[in-house]
Amino acid sequence: VEKNFKLEEKITMLQQQNEELRARIEQNTVITRQLSEENANLQEYVEKEVEEKKKLSRTNEELLWKLQEGDAVSPVKLPPPSSTSFYRCSSGDSSPAKVRTLRR
């Protein structure tokens, strides 16, 4: 009888451990799903930023080319660098602010 009682206690203890492990597995599954979704969102954000950077680089190269071609065709001089100001403007989303240059 005593041996049977000890075995029943052990079964109860193992069942509790089993329940705790199931709860941990479920919690880990939820966290894994959340992290996967966050990772996908971050990957999408990085891809958009890379495309934006490429676009800005192409625009910059095009403007430099136009500037060089304009210098070859026209004797117009550019204003000194001190007359160019930098402004930060919010892009309206969570991405970092973009910098643009304006001539006065």
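From the list Lys10, Lys3, the one residue that fits, being in a helix (DSSP H, G or I) and loosely packed, with under 10 Cβ neighbours inside 10 Å, is Lys3.
Is it the case, given these coordinates, that Lys48 is in a helix (DSSP H, G or I) and more than 24 Å from the chain's Cα centre (by Cα)?
Details: in a helix (DSSP H, G or I): yes; more than 24 Å from the chain's Cα centre (by Cα): no.
No, not satisfied.
The set of residues in segment 20-37 being within 20 Å of the chain's Cα centre (by Cα) and open to solvent by less than 100 Å² (accessible area, probe 1.4 Å) consists of Ile31, Thr32, Ser36.
The values are calculated or read from the model by the stated rules, or taken from the named source; none is laboratory data. What you see is a predicted model; the values in this text were computed from it and never measured. No Cβ is skipped: glycine too gets one built from the backbone with ideal geometry, and neighbour counts run over all protein chains shown. These area figures cover heavy atoms from the full protein model, side chains too; ligands, DNA and RNA do not enter into them. Shrake-Rupley method; radii C 1.70, N 1.55, O 1.52, S 1.80 Å.
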